[in-house]
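Step one of this worksheet: look at the structure below.
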């Protein structure tokens, strides 16, 4: 699997401001009752449930009447109590987010369930999300999948993505990458950028489909052109490495920049590296540092390590051993082996930190790759000033550290 394959995210939508709920309801609503607000109000007052939900939507959005959420709730409730599924879903949404009523997830669940049992796809998907998160109900991934499936089979794109994620990760159902790919494809063909990205990942790594970098590129591009930051980053990686497309550093930088502008830390790091090496852009150490810093401040370990290097030698920034050690430590604690070794070296020489042979040996031991003889020799030399018992103690500390931290061996 490529290093850039992000984990299959469990798409758990943050529920929703009312306008999103209203849009979902509108997808399930037939022709609006004819006439202006006055006529609609008359029909609603006479008990027409369809008119009641539309009047509620008008009050919720302020279209044709003064915006009044309390009135929206009143008319949603009137329609919901008549069994109108869209109104039930909207009323559930209001309770879910605490809009015009006290937030009450149990009450939200009650109305979502009523709408879902009447076949409302948006409510079915949302009820699945509630079970998935254990919000208002006991967490139950199998029940979440059951509701996702009902909505997905009605072509609800969010549910198709959620169901695909369930199959991809084996959450709530047996893991099945063929089924995951099938549902990602359905959602992707409806234009869902997240599904397009995930389908690209499946093709990129041969999961549920034959490995096909050209097809992966096609789906990454679809998502990237919709503004998906991760897809933009990965498309940049593909151009930089010549995977599925001719190698083109200028195109790589263009996609990195789009993604970096949205805050993607991997793209920010890659853009910094491009500026440091002059790949696809004019070489600029200062610009490299600027992008490394953006990524480093988000916790990107390689960017933190490279920013430490920049401070250590004064490349693109004023030399500052204390800052170098600070960034090496951040990267080292994230498992970057280069930073671990450099932090150990700083402790050994007293550069930016107080000289400490034990700390030097600890970090150099973590950062010494089994295949890097020079690093192993430097580590052993650093440990030579320690007693055998102290070295054993530090080696045990290293093993304990490795058990609880991930390591990034570049």
### Task
Just give me the residues in the stretch 310-325 being in contact (Cβ under 8 Å) with a residue 24 or more places away in the chain and surrounded by fewer than 15 Cβ atoms within 10 Å (Cβ to Cβ), in sequence order.
322
### Task
Please enumerate the residues belonging to the stretch 359-391 that are without any contact (Cβ under 8 Å) to a residue 24 or more places away in the chain, surrounded by 14 or more Cβ atoms within 10 Å (Cβ to Cβ) and not in a helix (DSSP H, G or I).
372
### Task
Say whether the condition of being part of a helix (DSSP H, G or I), touching a helix residue (DSSP H, G or I) at 6+ places or on another chain (Cβ under 8 Å) and closer than 29 Å to residue 403 by Cβ is met by at least one residue in the stretch 310-319.
no
### Sole residue being surrounded by 12 or more Cβ atoms within 10 Å (Cβ to Cβ), within 14 Å of residue 89 (Cβ to Cβ) and at pLDDT 95 or above, chosen from 22, 49
49
### Message
I want to confirm something. Restricting to the stretch 395-410 and keeping residues that are at pLDDT below 70 and surrounded by 13 or more Cβ atoms within 10 Å (Cβ to Cβ), which single residue is nearest to residue 300 (Cα to Cα)?
### Response
408
### Query
Restricting to the stretch 227-247, what's the tally of residues that are part of a loop (DSSP other than H, G, I, E, B), more than 16 Å from the chain's Cα centre (by Cα) and touching a residue at least 12 places away in the same chain (Cβ under 8 Å)?
3
### Message
Among the listed residues 222, 287, identify the single one that is at pLDDT 95 or above, out of contact with any strand residue (DSSP E or B) (no Cβ under 8 Å at 6 or more places or on another chain), crowded, with 16+ Cβ neighbours inside 10 Å and under 22 Å from residue 193 (Cβ atoms).
### Response
222
### Task
Considering each of 348, 343 in turn, give the residue that is under 18 Å from residue 302 (Cα atoms), modelled with pLDDT of 95 or more and assigned to a helix (DSSP H, G or I).
343
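Of the residues 41, 80, only one is crowded, with 24+ Cβ neighbours inside 10 Å and either in contact with a helix residue (DSSP H, G or I) (Cβ under 8 Å, 6 or more places away or on another chain) or within 28 Å of residue 136 (Cα to Cα) (or both); which?
Values: 41 fails: crowded, with 24+ Cβ neighbours inside 10 Å.
One residue alone meets the criteria, 80.
Please indicate, with yes or no, whether at least one residue in the stretch 83-90 is at pLDDT 95 or above and surrounded by fewer than 24 Cβ atoms within 10 Å (Cβ to Cβ). Show your work before the answer.
Step one: of the stretch 83-90, the residues at pLDDT 95 or above are 83-90.
Right, trim to surrounded by fewer than 24 Cβ atoms within 10 Å (Cβ to Cβ) and you get 83.
Yes: one or more hits.
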### Message
Any residue that is assigned to a helix (DSSP H, G or I) and within 20 Å of residue 192 (Cβ to Cβ) - is there at least one of those in the stretch 99-121?
### Response
yes
### Query
For the subset of the stretch 328-355 comprising residues that are more than 15 Å from residue 368 (Cβ to Cβ) and under 25 Å from the mean Cα position of the chain (by Cα), which member is surrounded by the fewest Cβ atoms within 10 Å (Cβ to Cβ)?
333
#### Entry: Odd one out for residue 354, checked against (1) in a helix (DSSP H, G or I); (2) closer than 26 Å to residue 323 by Cβ
(1)
### Set 261, 265, 274: member being buried (at least 24 other Cβ atoms within 10 Å of the Cβ) and closer than 20 Å to residue 238 by Cβ
274
## Note on the structure
Scanning the stretch 55-72 residue by residue, the ones that are touching a helix residue (DSSP H, G or I) at 6+ places or on another chain (Cβ under 6 Å) and either part of a helix (DSSP H, G or I) or without any contact (Cβ under 8 Å) to a residue 24 or more places away in the chain (or both) total 8
### Query
Can you find a residue in the stretch 153-175 that is crowded, with 19+ Cβ neighbours inside 10 Å, touching a residue at least 40 places away in the same chain (Cβ under 8 Å), on the phi > 0 side of the Ramachandran plot and not in a helix (DSSP H, G or I)?
yes
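Does residue 79 qualify as being part of a helix (DSSP H, G or I) and within 24 Å of residue 171 (Cα to Cα)? Full working, then the answer.
Values: part of a helix (DSSP H, G or I): yes; within 24 Å of residue 171 (Cα to Cα): no.
Answer is no for this residue.
The values are calculated or read from the model by the stated rules, or taken from the named source; none is laboratory data. None of these values were measured; they are calculated from a predicted model. For neighbour counting, all protein chains shown are included, and Cβ atoms are generated from backbone atoms with ideal geometry for every residue, glycine included.
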